[in-house]
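What follows is a short report on a single structure.
The values are calculated or read from the model by the stated rules, or taken from the named source; none is laboratory data. This one's a predicted model, so the numbers in the text were calculated from it and none came from an experiment. Cβ sites come from the backbone with ideal geometry, for glycine too, and all protein chains shown count toward neighbours. Surface accessibility is based on the protein's heavy atoms, side chains included, excluding ligands, DNA and RNA. Shrake-Rupley method; radii C 1.70, N 1.55, O 1.52, S 1.80 Å.
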Amino acid sequence: MERYYTDKGLISKGSCLNVQDTDGKFSLLLPTTDLPETKGAPSTQAKTVLTDNSVTEVEGLQTNAQKTYTFNYHRDNIRQLNKYAGKNLTFLERNTDNTGEKFTGSFQYGRSAIAVDGIAQGQIFLTVGSADNKPIDDVRDLMKKTSIITTPLSDVYLAVSGKHEITVETDPAEATIAVTSSATAIATATITGKKLVITGVAKGFCMVELVTSTVGEASSYRTIAVEVTA
């Protein structure tokens, strides 16, 4: 079973859009709330024959229409999309029953005017270059699992010299976590095993990034916004 993360660090078993890695396997790009059609219906042309009083239809061209996906417009999702936006890639849509569709293309994204339960929504606009003629009946051999953090991570507010400590759980449990601070002059971040410690240094703002990795699996990235007050 593939592992998926959401903005709250929980596991979601819904449909998803995946991207092909350099090893040929597909790893999670983002969980999505919907999967649009891969191909439009073929056009038809009327066919008439002088010796036949009926009109028949013949199959014409089939279009690879632009695909639109909806996702939670969250900082971590935006960072993930920025790694791939505008590039020509191979994608795999995975359905909940492990069937899937493979196609090539490139995408851009933006924020929509809709919010769900207070969370802004975004849309991925993917222009399809080519698509397989037939769907894949079982995509599990094509997939690479993604190591994730399952602990909800909230923004942190600290005083100078104040500390924020949290135990960060992962799936799989043996995954390792690397942590960096975007401004160590504002706040430092260290992790020992699974215990994360963020320490305020000086007044200001910074980001703490956590990278979760396991041998043979794709890595995932999470961030914590830190504000240090005087």
Would you kindly state how much longer the chain becomes between residue 83 and residue 56 on full extension, computed as 0.36 nm times their sequence separation minus their alpha carbon distance, in nm to one decimal? 4.8 nm
Three-way shape call for the range 109-222 based on the alpha-carbon gyration tensor, with the a/c threshold at 1.5: oblate
For the chain, set up a GNM with springs between Cα atoms under 10 Å and report which of 67, 144, 134 has the largest fluctuation. 134
Quick one: Karplus J couplings for the range 160-175, per residue in order, coefficients 6.51, -1.76, 1.60, θ = phi - 60°, nearest Hz, x for Gly and Pro? 4, 6, x, 10, 10, 10, 8, 8, 9, 8, 10, 9, x, 5, 7, 4
Rank 54, 213, 161 by mean-square fluctuation in a GNM of the chain with C-alpha springs under 10 angstrom and give only the top-ranked residue. 54
Taking the chain and counting helices only, DSSP H stretches of n ≥ 4 at -39,500 (n - 2.57) each over all residues, the nearest-500 ellipticity at 222 nm comes to -1000 deg cm²/dmol
Could you give the accessible area per residue of the range 164-230, probe 1.4 Å, as a whole number in Å²? 47 Å²
Calculate one ³J(HN,Hα) per residue across the range 103-118 by plugging θ = phi - 60° into the Karplus curve 6.51 cos²θ - 1.76 cosθ + 1.60, and present them in order as whole Hz with x for glycine and proline. 7, 10, x, 9, 9, 10, 8, x, 7, 8, 8, 9, 10, 10, 6, x
Quick check: at a probe of 1.4 Å, how many percent of the accessible area of the chain sits on carbon and sulfur atoms? 51 percent
Calculate, for the range 66-114, the solvent-accessible area per residue in square angstrom, rolling a 1.4 angstrom probe over the heavy atoms of the protein chains. 48 Å²
Please report, in debye to the nearest 20, how large the charge dipole of the chain is about its Cα centre when each Lys and Arg carries +1 at its beta carbon and each Asp and Glu carries -1 there. 720 debye
Which of [x] 15.6; [y] 16.5; [z] 12.5 is the computed mean projected area of the Cα convex hull in nm² for the structure on display? [y]
Treating only the Cβ of Lys, Arg, Asp and Glu as charged (+1, +1, -1, -1), what charge dipole size does the range 140-230 show about its Cα centre? Round to the nearest 20 debye. 80 debye
Solvent-accessible area of residue 221, probe 1.4 Å, all protein chains present, reported in Å² to the nearest ten, please. 80 Å²
With each label point set 7 Å from Cα along the Cα-Cβ vector, what nm distance links residue 123 and residue 141? 3.8 nm
Just tell me which aspartates and glutamates come within less than 15 Å, Cα to Cα, of residue 47; anything on the same chain fewer than 8 places away is out. 57, 59
If you keep only loop residues by DSSP, which trypsin sites (Lys or Arg not before Pro) in the range 173-230 have at most 13 other Cβ atoms within 10 Å of their Cβ? 203
Shape of the range 189-230, Cα gyration tensor, a/c cut at 1.5: oblate
Distant-in-sequence amide H partners of residue 109 (H built 1.01 Å from N, under 5 Å): 125
Might you work out the accessible area of residue 142 for me, using a 1.4 Å probe with all protein chains in place, and round it to the nearest 10 Å²? 60 Å²
Among the listed pairs 83/195; 163/203; 67/102, which have their C-alpha atoms separated by more than 24 angstrom in this model? 83/195
